[in-house]
Amino acid sequence: MTSAAAPALHAAVPRLAAGVPWVGLGAWPTPIEPLGEDLWVKREDRTAPRYGGNKVRTLEAMLGRARAAGATRIWATGAYGSNHVLATAIHAAAAGLACGAIVFPQPATEPAVANARAIVATGAELVTIPTVALLPLAMAAVRRRRGAYVMPPGGATAEGAMGALAAAFELAAQHRAGAAPWPVALVLPVGSGCTTAGLLAGLHLAHRLGFAPTPPLVWAARVTPWPITSRWRLARLAAEAVDLAERHLGAPTGITEAQLRASLVVDGRYLGAGYGHATAAGEAAARRLAAHGLHADQVYAAKAAAALFDLAPRAPGPVLFWLTKSSAPLVLADAATVASAPRRLRRWIEA
């Protein structure tokens, strides 16, 4: 394994990789393991020893972008127990950046409260807002601060998607090395859309440049509501990532937004009552994964696992599950540290 950012992309397309101001955070490649007959899992839960998950790839691109822009503090945005906020709070120092976060309420499930306590433990500067509807105003206010670089939820920009785009080249390299068969479908949860769009773009780009077979169907199980996870929005973000890659390459690829959209399924059947709400199907799927020693959180991975186990018996070939939630143990804030958190967040944690 290597700690250099996006090594598979650097090996395959160095000109493209050189256009991104990466910050190395992860341990690459993440392993691919069998999960049953024609069923495989990409262990994105193990992207980094201190805190893993899919957002490590996003941050390898976004932290470098913030540093290149002259920022001194990078700001994440998300729910109180956001994985992206926690990942940013933990990893920002690797880029020499302080961390701040604008956070808003969500259902107070045990995993969300644990994440929030871990966020507080990092000492990140926290701005709380009473509802997500106020997020655009809060982001605009923070952007006026000196040295601030503010990310949208999940880092869902073309720049942030470069991390997952690079992951597609990693998957292609592992396939060529015999680690696993090439999937006909790749199943993952979709929240902000950054990982889904980046993978969609990267799988098409790797195929177009001759590094991978035909792109698999990207089957995204919705964990946030429409229109955040609309198929149109995700395909548009993937197309923007392709456009950015083409600028770094200095040449067009011929990949169209229509082609990207045709390779994407957004499945809303597993959302349940909404973001952060557990579902019976998700809990059952999580128990099946636990039998393989894998942890699936009820906000993201469990809902995608429910989609996985429904899809796999009908698929015409291998199916790959993208396990996005970190499996690293969390360092939680003690009661005294929680007491110093902003009042809204403190009351939510202690309720």
Notebook entry, point to check: So what is the relative contact order of the stretch 233-351, in percent, for Cα pairs below 8 Å that sit 6 or more residues apart?
Noted result: 16
Checklist line | Descending semi-axes in Å of the stretch 98-166, equivalent ellipsoid built from Cα gyration tensor | finding: 20, 18, 14
Next item on the list: Please give the length that would be gained between VAL265 and ALA27 if that part of the chain were fully extended, namely 0.36 nm times their separation in residues minus their C-alpha to C-alpha distance (nm, one decimal).
Entry: 82.7 nm
Item checked: Computed label-point distance, nm, for sites ALA108 and ARG208 using a 7 Å Cα→Cβ extension -> 4.9
Next item on the list: Would you mind ranking GLU60, GLU257 so that the residue whose beta carbon has the fewest other beta carbons within 10 Å leads the list?
Entry: GLU257, GLU60
Check: Can you give me the relative contact order of the chain as a percent, contacts being Cα pairs under 8 Å and 6 or more apart?
Finding: 22
Check: For the chain, what does the equivalent ellipsoid look like in terms of its semi-axes, each the square root of 5 times an eigenvalue of the Cα gyration tensor, given largest first in whole Å?
Finding: 30, 24, 18
Item checked: Cβ charges +1 (Lys, Arg) and -1 (Asp, Glu), total dipole of the stretch 1-87, debye -> 500
Item checked: Burial ordering of LYS55, LYS303, fewest other beta-carbon atoms within 10 Å first -> LYS303, LYS55
Margin query: With n ≥ 4 as the cut-off for DSSP H runs, can you work out [θ] at 222 nm for the chain, using -39500 (n - 2.57) per run divided by the number of residues, rounded to the nearest 500?
Written below: -12500 deg cm²/dmol
Checklist line | Principal axes of the stretch 224-351: Cα extent on each, largest first, Å | finding: 56, 38, 27
Notebook entry, point to check: Hey, what does the equivalent ellipsoid look like for the stretch 1-50, semi-axes from the Cα gyration tensor as sqrt of 5 times each eigenvalue, largest first, whole Å?
Noted result: 25, 14, 7
Note to self: Based on alpha-carbon atoms only, what is the radius of gyration of the stretch 13-108 relative to the globular estimate 2.2 N^0.38 Å?
What the structure shows: 1.23
Item checked: Computed magnitude of the charge dipole of the chain (debye, nearest 20; Cβ of K, R +1, Cβ of D, E -1) -> 820
Item checked: Rh by Kirkwood over Cα pairs, then Stokes-Einstein D for the stretch 202-296 at 1.306 mPa s and 10 °C, µm²/s -> 103
Margin query: Along the Cα→Cβ direction, 7 angstrom out, place labels at LEU330 and ARG236. What is the inter-label distance in nm?
Written below: 3.3
Checklist line | Relative exposure of ASP334, ASP243, ASP267, judged by other C-beta atoms within 10 Å (fewest first) | finding: ASP334, ASP243, ASP267
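Computed from the coordinates by the stated procedures, all read-outs in this text should not be read as laboratory data. This is a predicted model, so every value here is computed, not measured. Cβ coordinates were reconstructed from backbone atoms using ideal geometry, including for glycine residues, and neighbour counts include every protein chain displayed.
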